[in-house]
Structures are given as C-alpha cells and as structure tokens.
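Below: one structure, written as structure tokens.
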Amino acid sequence: MLRPKGGRGFPPEVFHDSRAVSKFLAEKDPTAILSAELGPKFDQYRHAWDLAKRNLAVPPFPLHVDYEIKSLCNLRCPMCPMALSPASPAPVPTTEAKDSEANPSLETKAGTKTPPPRQRLSRAEVEALIDEGVESGQASMGFGGLWEPLLCADLPALVAYGRRAGLVEAMFNTNGYHLTRRTSRELVEAGLTRLMVSLDAVDKKTYEQMRPGSDLDRVEENILVFLEERAKARSPLPLLRLSFCLTSLNERELPAFLERWSDKADFFSLQSYGRFSEDAPALFPSQTAQSPPPPGFCAQPFKRLLVRHDGQVLPCCDLSGLSLALGEARKGLAAVWNGEKLNELRAQLRSLSLPPACRACQSKYKPPA
C-alpha cells in the first residue's frame, strides 16, 4: 500500500491535478486495466476523447452521453444543488412507474390535453437514444445529472442494453446508500465498467455533515460487498473509484480517507468544492483539489452531452449549463450535436468569450476575496 510521503500530508502536485491522486495512491493505472479488458475499441475511443479535450478535433457524434432518468435523490448534500430543492428526499421505488403514470396528460379548461413537465425518461426512450448513439459513433454512456442513479430500478437493464448494443463503456456516480448486494451483482453481470462512489469522509460526524440522511457504516459495507461480488465474478470490472469533495468540513480527513481505502479502490477522484448558488453554504477548503482550467475554455461541449429527465439536452454535465439547453432529445442527438446552438457555444469557448452560465461555472470554485 502506498502512503503519503512522510506519513503526513501529500506532495504538492496532489492538490493541483486529481489524476495525481490516482497515480500517487492506487498503484494501478485504470486506463491500462480498461484497455486490457475492453481492447482496441477502448483505445480508439480514448484517443478521440483526448483530441476533443485538446480542441484538436470534434467527433461527428458525442463520444459520451449521460442520461438523467429522473430528477430525484435520497440525500441533500450541501455541495449539491439538490440541497436547495423544496422536495423531500426520494424513497426507493419498488417498481418503475409506467410511462402514462410518470408523464400523465393534463386537461385544460378548453378540454384539450397538453403534456405537463416531463417527470422521467422512459426505458424505451433511453434505449432509442442508445441505438442512435451506437449507430453514430458514441462509445460511452453514463447516468449523470441531478439525481441518484440507484433510485432507478431499470439501471442494470439499461447498462446491459448499452453494452450489448456495442457501447465500450458504461459508468455512473452514486452516493452508495442503495448499493445492495443484488444490485452490485446485477451491475457486474450487466457489464458496468466504472462505479464511482462519493464518500468524502472517514469520521461519522463529518460524513453526516457532508451526506445528510446517509449512513457511513452502511455505505462502507455496501462498497465492500460490491468488491466481494466483483471478486466472485473474477473480473477487474467495474473499476471502483472513490470520490472525495474537498471542503472546509472534511479536508483534515483526506490523509485518513486515502489510507483507509488505498488498497481497495482502483482509483480516486479528489474534487474541488464549488459554491453553486449564493444561497449555498461557503465551504471552501484551505487548499484546492486541482488547478483551475485555462480561463474561458471548457472541453465538455466538444466530447459529451447530457440528456435531462425532461428530454432537454445540455452541453455539459454541470448544472450551471441549465440555461444552455440545446434542444430536445426526441429530435435526435445528432441534430443537437451538429446544430447551430452548440456550434456557436464552441466558437465562444474557442475565442474565450464566455456566456454567463460558463462564467458562473468557472467562478464557483473561487472563494470570495
């Protein structure tokens, strides 16, 4: 097991690039593992990803698409916009609602039916989007957005559908509270390639501040059970990433966190706290987790899209991009990807002339002067 130099603190580079945490602690190269397991298609996909990231080429279709099936979460964490939601944290559904139940029609005074705001993407809609992506060059899918993916009973089936259809990768972030043994087994069997669990603490009191409504003992046990199920399958996949959002609440626990999990996680993500709203708490740590991106440039609109639960398509995985809706997924993602709105946004990013949403996103990581 690798340990911090001198047993205390970390080398300076750890606090400037989250990738350095993986290299410094995990003794594993996740890219090499994925390449060995997934073959040349993975290498081709990552090469195209690197070109897009460096603004050297825009692929004809997004390389990665995230599907936000619902806008629900069982927690209200202070570093997440869901913390300001007036709705109560969501319970786990025992069964998925039918499309007609999830998206009922409303009678207007004139007697005509108009659709209300969409509540979720149906399984059929996600499968249709996957089919379009596979035919058009998409290589990877995720289940990102403003929600907890393990609240979706269809999740393992959707992962399996995407992998069978030809997608090279399938992944998602989770708080881990509902990562049961059965779900872990189903996800391993479905072909999930990366499981990314946000943990953020080793002390129960700190964890309760970071993840109100969760239970540290339960989530840690869930992670260990997941590793047991993966070992039973004799597979290195899905890779396990543990995430640590560095805040003023938990920054003192980072060395103990990495010590606790360095022989279990395949890699780590050390993330910076971003204050997403003036109504959100100011939890900026004394050290930043990574260096800020080059002023004005963001690579996300060059490589990925996010389909929200209401069918709107966003150019990035950050909810700062809500005002940058590009169109409706039902019209096809190819039309959105090659459309005027997204091409204009890319031109703005290349010229370092940012729209307000992008400026807000880049400034949220900076503590007030």
Checklist entry - So which residues in the stretch 320-337 are in contact (Cβ under 8 Å) with a residue 40 or more places away in the chain, more than 21 Å from E127 (Cα to Cα) and open to solvent by 30 Å² or more (accessible area, probe 1.4 Å), if there are any at all? => result S320
Item to check | R304 surrounded by fewer than 16 Cβ atoms within 10 Å (Cβ to Cβ) and charged (D, E, K, R) | outcome: no
Checklist entry - Looking at the stretch 230-257, which of the residues that are part of a helix (DSSP H, G or I) and open to solvent by less than 10 Å² (accessible area, probe 1.4 Å) is farthest from R163 (Cα to Cα)? => result L254
Checklist outcome for this item: Counting only helices (runs of 4 or more DSSP H) wholly inside the stretch 307-365, the ones holding at least 1 residues that are out of contact with any Asp or Glu (no Cβ under 9 Å at 6 or more places or on another chain) and at pLDDT 95 or above are 333-337, 340-350
Checklist outcome for this item: Pairing a residue in the stretch 28-42 that is within 13 Å of R163 (Cβ to Cβ) with any residue that is part of a helix (DSSP H, G or I) and not acidic (D, E), where Cβ atoms lie under 8 Å and the two sit 6 or more apart in sequence or on different chains, gives F42/L34; F42/S35
Next on the checklist: If the requirement is being hydroxyl-bearing (S, T, Y), more than 18 Å from the chain's Cα centre (by Cα) and at pLDDT below 95, which of these qualifies: S214, S262?
Outcome noted: S262
Checklist entry - Identify, please: which residue in the stretch 42-72 is in a loop (DSSP other than H, G, I, E, B) and modelled with pLDDT under 95 and is, among those, most open to solvent (accessible area, probe 1.4 Å)? => result R54
Next on the checklist: L146 - would you say it is closer than 24 Å to G321 by Cβ, assigned to a loop (DSSP other than H, G, I, E, B) and open to solvent by 10 Å² or more (accessible area, probe 1.4 Å)?
Outcome noted: yes
Checklist outcome for this item: Residues of the stretch 352-365 being without any contact (Cβ under 8 Å) to a residue 40 or more places away in the chain and out of contact with any helix residue (DSSP H, G or I) (no Cβ under 8 Å at 6 or more places or on another chain), in sequence order, are R359, S363
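The values are calculated or read from the model by the stated rules, or taken from the named source; none is laboratory data. Keep in mind that this is a model prediction, so the values were computed, not measured. Virtual Cβ from ideal backbone geometry, glycine too; neighbours counted across all protein chains shown. Remember, those area values only see protein heavy atoms, side chains included, never the ligands or the DNA or RNA. Shrake-Rupley method; radii C 1.70, N 1.55, O 1.52, S 1.80 Å.
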